[in-house]
Structures are given as C-alpha cells and as structure tokens.
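Novice: Before I ask anything, let me first share the structure, which is written out below as structure tokens.
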Amino acid sequence: MTPEAVAIVEVGLRDGLQNEKQSVSPEMRADWFNALSHAGLRRIEAGSFVSPKWVPQMSGTDEVLRRIERKEGLEVEVLVPNAKGLELALASDVDTLSIFTAASETFNQRNINCTIAESIDRFRDVVAGGRAAGKRIRAYVSCVVGCPYEGRIAPEQVAAVVEQLLELGSDEISLGDTIGVARPREIHALLAAVLPLCPAPKLALHCHDTRGTAVANVYAALERDIRIFDSAVAGLGGCPYAKGASGNVATEDLLYLFQGEGFRTGVDLDAVADLGDRICRHLQRENPSKAGKALVLTRKQ
Ligand code: HMG
Ligand code: MG
C-alpha cells in the first residue's frame, strides 16, 4: 500500500528570516529557496509583500522571486496584507497569496494595524484580485490558542474568524500557534471547534516551538486527519509583533516524525538537515532542530 502523503509548507525564509536581527540578502535567500526545492519541498514561502518600515527583513522579496528556479509542481507562496501587497505580488511570479489576521484583536492591531473586522474587509479586494489572476488563497489565523497580550483564546473565537475567511473564498486556512503555548489537548479542542466549519483537507497547522510542544501538537492534529503542516528549516522563526515567540517547529523534526509514522513527504531529510546546518552557521545561531543536529553530528562521527 502506498503510504499516505503529508504536505509541508516551508516557512523559514519568511517566518524565520522576518525575525532575525540581521537581514539576509535576496541572493542568499534565493539560494536557500533553491536548496529547499532541490530537497523535495513543493510548497515554499519566498517572503512577504509587507511594509518595509514594519518588517525590513522581507525587503527584496521581489528580487528573491526573480532569482529562484521554477520547477514543475513547485508552489511559490508569499504573504500579502493589503491592496498594495497584492499589486506588488501580482507583478511577481507567485502561485499562492497568503492573507493574515488573528483571533486576538490586540495582536492584530500590533501586527497589521487594524481590527479583525477591518482586516477581513481589506481582504475582500485582495482575495477577489488574487482569484481573478488565478492565484491560490491561503489565510492565516494567528493566536489560535494564546495571545501575548490577551492570554488564552477560546476555540470559538478562532472558529468565528475561520468562518469569515472561508466566506471570502480562501482555499486553505492555516491555524497559527504564534507564541507556541499550545498542548495536544488544546489542539484537539481547537480542531473540534474548527473542523465542522472547515474540512481537514483545507486546514493546516502552523506551530511555533517556544515550549517544546510543537511536535506533540502536530501528532495531535494528525490524529484529527490534518495533513498540511507549516515548518521552518532549522526551526527558524518567530514574529516581530509577538514578544517571546521563538522559531517555527523545525522541518527536520517534522520529517523525522512523519518518516517514523509511515507518512510520505517526498522530501530528503538529509538534504534539509545539511541546509539547516549551513543556514545556522551563516546566521551564527544555534540549531534548535534536535533531529537536524543529531543527523549532522552522526554523519560527522
Ligand atoms: P500601516 O502603517 O497601517 O499602512 O501598516 P498604511 O496603509 O497606512 O501605509 C503606510 C506606509 O506603508 C505607506 O508608505 C504605504 O505605501 C506603505 P509611505 O507613504 O509612508 O512611504 N505600505 C506598504 N509598502 C509595501 N508593501 C505593502 C504596504 N502597505 C503599505 N503591502 C501594514 C499596515 C499592513 C502595511 C503593516 O502593518 C505591515 O506591513 N505589517 C506586516 C507585519 C508582518 O509582516 N508581520 C509578520 C507576518 S504575520 C506572522 O508572522 C504570523 C504567521 O506566521 C502565523 C502565526 O505564527 O501565527 C503568519
Ligand atoms: Mg508564524
């Protein structure tokens, strides 16, 4: 029997690098993008079309997009917060536009300077323009379990936002545990509230690993038939508007889990681990991926 597939959305070059103190050149970002695509990743975020005053690290996303290799089956994804972002994204060659809002009002104000209702209103034109241009629309909801400003977020608050994003015409919803506070029981409660509105094939889980619970949370979501997961090579990541948010769950750690559980990813774990090691050395940071570090170390022995 062919193993069941899981899809990984690689977010390290966006979620990861948007939070690094040092900016990485578009040339280097394109080089890392190509290495991820050579390793077999088929959905990769290349950056964001957001205000450079808010997130300077994502400047040059247009240049990254000009430099990357296009491959059959590769989906190139970018974040778009408003009409200006849409205009810039449509001038580049991308497949998926990702709009983003939150289940917490305070977080949304700090992140995109508007209320949740205003963001949904703004997205109407973004989604319509994107769809007219033949783009896929992904929609992120941040703070699905906890918010750095408002504390615990009820699953019903998340469900209400998901419903509005689906009404807009989003193809996929990614549920973000932005500050990595969730545990499996909370993921089950969240999915119990959201799955009646949004079927599992349209849902993704986006975990940050701040408290070391991300892999357990992904496993909980697997039990609820979720098969799309966001992760970042070498666990890069965070969010400039969420104090204390550390990296996304590492792609290497998820690949190791999926291999062991008998899922098919089409991704070469060794190649991702090598790239993670290379990126950490370039950024002069520790590699938070336990599986990645172990693989590289074992091969050196
Ligand atoms: P604003 O200041 O309210 O925007 O920011 P504005 O419309 O008043 O415009 C102000 C200036 O920004 C103007 O320039 C605009 O042209 C420019 P000026 O006239 O002053 O020279 N501008 C833009 N420039 C480039 N691209 C654009 C754009 N829009 C306006 N798209 C805005 C509102 C949304 C722009 C701002 O708040 C912003 O860019 N925020 C982005 C924040 C961000 O990227 N956060 C991280 C991503 S979300 C995340 O990480 C969570 C996630 O990973 C899931 C999870 O973990 O939960 C997805
Ligand atoms: Mg994130």
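The values are calculated or read from the model by the stated rules, or taken from the named source; none is laboratory data. Values in this document were obtained by computation on a predicted structure and should not be read as measured data. Cβ atoms come from the backbone with ideal geometry, glycine included; neighbour counts cover every protein chain shown. Quick note on the areas: whole protein, heavy atoms, side chains included, nothing else; ligands and nucleic acids left out. Shrake-Rupley method; radii C 1.70, N 1.55, O 1.52, S 1.80 Å.
Novice: I'd like to check something: does the stretch 69-91 contain any residue that is away from ligand 2 (no atom under 16 Å from the Cβ), assigned to a strand (DSSP E or B) and open to solvent by 10 Å² or more (accessible area, probe 1.4 Å)? Reasoning before the result, please.
Specialist: We begin by selecting, within the stretch 69-91, every residue away from ligand 2 (no atom under 16 Å from the Cβ); these are 69-76, 82-91.
With assigned to a strand (DSSP E or B) added as a condition, the list becomes 75-76.
Then keep just the ones that are open to solvent by 10 Å² or more (accessible area, probe 1.4 Å); that gives 75.
Yes, the stretch 69-91 contains at least one residue that is away from ligand 2 (no atom under 16 Å from the Cβ), assigned to a strand (DSSP E or B) and open to solvent by 10 Å² or more (accessible area, probe 1.4 Å).
Novice: Sticking with this structure for a sec: When you scan the stretch 200-301 for helices (runs of 4 or more DSSP H) that lie fully inside it, which ones turn up with 3 or more residues that are touching a residue at least 60 places away in the same chain (Cβ under 8 Å)? Give the derivation first.
Specialist: Details: elements: 214-223, 251-260, 269-283, 290-300.
The qualifying helices (runs of 4 or more DSSP H) are 251-260, 269-283.
Novice: Of the residues in the stretch 161-180, how many are of a type in the set (A, V, I, L, M) and either touching a Leu at 6+ places or on another chain (Cβ under 6 Å) or without any contact (Cβ under 8 Å) to a residue 24 or more places away in the chain (or both)?
Specialist: Adding up the residues that qualify gives 3.
Novice: Right, next: Residues of the stretch 37-54 being in a loop (DSSP other than H, G, I, E, B) and either without any contact (Cβ under 8 Å) to a residue 60 or more places away in the chain or open to solvent by 40 Å² or more (accessible area, probe 1.4 Å) (or both), which ones?
Specialist: Pass one, the stretch 37-54, residues in a loop (DSSP other than H, G, I, E, B): 39-42, 49-54.
Those that are in a loop (DSSP other than H, G, I, E, B) and either without any contact (Cβ under 8 Å) to a residue 60 or more places away in the chain or open to solvent by 40 Å² or more (accessible area, probe 1.4 Å) (or both): R42, F49, V50, S51, P52, K53, W54.
Novice: Between N19, N34, which is at pLDDT below 95 and surrounded by fewer than 24 Cβ atoms within 10 Å (Cβ to Cβ)? Full working, then the answer.
Specialist: On the way: N34 fails: at pLDDT below 95.
It is N19.
Novice: Also, quick follow-up: For the stretch 1-16, enumerate the residues that are modelled with pLDDT of 95 or more, of a type in the set (V, I, T) and assigned to a loop (DSSP other than H, G, I, E, B).
Specialist: V6, V11
Novice: Out of L197, L175, L190, report the one residue that is part of a strand (DSSP E or B) and either within 21 Å of V78 (Cα to Cα) or more than 17 Å from the chain's Cα centre (by Cα) (or both).
Specialist: Values: L197 fails: part of a strand (DSSP E or B); L190 fails: part of a strand (DSSP E or B).
Exactly one of L197, L175, L190 is part of a strand (DSSP E or B) and either within 21 Å of V78 (Cα to Cα) or more than 17 Å from the chain's Cα centre (by Cα) (or both), namely L175.
Novice: Let me spell it out: the conditions are (1) among the small types (G, A, S); (2) surrounded by fewer than 19 Cβ atoms within 10 Å (Cβ to Cβ); (3) closer than 23 Å to F263 by Cα, and A132 meets all of them except one. Which number is the exception?
Specialist: Of everything listed in (1) among the small types (G, A, S); (2) surrounded by fewer than 19 Cβ atoms within 10 Å (Cβ to Cβ); (3) closer than 23 Å to F263 by Cα, A132 misses just condition (3).
Novice: Further question: Suppose the filter is more than 14 Å from the chain's Cα centre (by Cα) and within 16 Å of Y140 (Cβ to Cβ); does L165 pass it?
Specialist: Working: more than 14 Å from the chain's Cα centre (by Cα): yes; within 16 Å of Y140 (Cβ to Cβ): yes.
For L165, the condition - more than 14 Å from the chain's Cα centre (by Cα) and within 16 Å of Y140 (Cβ to Cβ) - is met.
Novice: Can you tell me which residue is nearest to K84 (Cα to Cα) among those in the stretch 125-164 that are aliphatic (A, V, I, L, M) and within 13 Å of ligand 1 (Cβ to nearest atom)? Step through it out loud before you land on a result.
Specialist: First, the residues of the stretch 125-164 that are aliphatic (A, V, I, L, M): 126-128, 132-133, 137, 139, 141, 144-145, 153-154, 158-162.
From the residues that got through so far, the ones that are within 13 Å of ligand 1 (Cβ to nearest atom) too are 126, 139, 141, 144-145, 153, 158, 161.
Values: V126: 9, A139: 17, V141: 21, V144: 27, V145: 30, I153: 30, V158: 27, V161: 23 Å.
Among residues in the stretch 125-164 that are aliphatic (A, V, I, L, M) and within 13 Å of ligand 1 (Cβ to nearest atom), the one nearest to K84 (Cα to Cα) is V126.
Novice: Hey, another quick one. Being over 18 Å from the mean Cα position of the chain (by Cα), crowded, with 17+ Cβ neighbours inside 10 Å and charged (D, E, K, R) narrows it down to one residue among D253, D268, D274; which is it? Before you say what the answer is, go through the steps one by one.
Specialist: On the way: D253 fails: over 18 Å from the mean Cα position of the chain (by Cα); D268 fails: crowded, with 17+ Cβ neighbours inside 10 Å.
Criteria check complete, one pass: D274.
Novice: Go through the stretch 8-60 residue by residue and tally those that are under 16 Å from C280 (Cα atoms), within 13 Å of ligand 2 (Cβ to nearest atom) and touching a strand residue (DSSP E or B) at 6+ places or on another chain (Cβ under 9 Å).
Specialist: Counting residues in the stretch 8-60 that are under 16 Å from C280 (Cα atoms), within 13 Å of ligand 2 (Cβ to nearest atom) and touching a strand residue (DSSP E or B) at 6+ places or on another chain (Cβ under 9 Å) gives 8.
Novice: Could you tell me whether any residue of the stretch 98-120 is under 20 Å from R227 (Cα atoms) and either in contact with a strand residue (DSSP E or B) (Cβ under 6 Å, 6 or more places away or on another chain) or buried (at least 24 other Cβ atoms within 10 Å of the Cβ) (or both)? Break it down into steps so the answer makes sense when it comes.
Specialist: Of the stretch 98-120, the ones under 20 Å from R227 (Cα atoms) are 98.
Adding the requirement that they be either in contact with a strand residue (DSSP E or B) (Cβ under 6 Å, 6 or more places away or on another chain) or buried (at least 24 other Cβ atoms within 10 Å of the Cβ) (or both) leaves 98.
Yes, some residue in the stretch 98-120 is under 20 Å from R227 (Cα atoms) and either in contact with a strand residue (DSSP E or B) (Cβ under 6 Å, 6 or more places away or on another chain) or buried (at least 24 other Cβ atoms within 10 Å of the Cβ) (or both).
Novice: Out of the residues in the stretch 183-229 meeting the condition of being of a type in the set (D, E) and over 16 Å from V145 (Cα atoms), tell me which one is least open to solvent (accessible area, probe 1.4 Å). Lay out the reasoning, then the answer.
Specialist: Restricting attention to the stretch 183-229, the residues satisfying the condition of being of a type in the set (D, E) are 186, 209, 223, 225.
This time we only want the ones that are over 16 Å from V145 (Cα atoms), so: 223, 225.
Working: E223: 114, D225: 97 Å².
Here the answer is D225.
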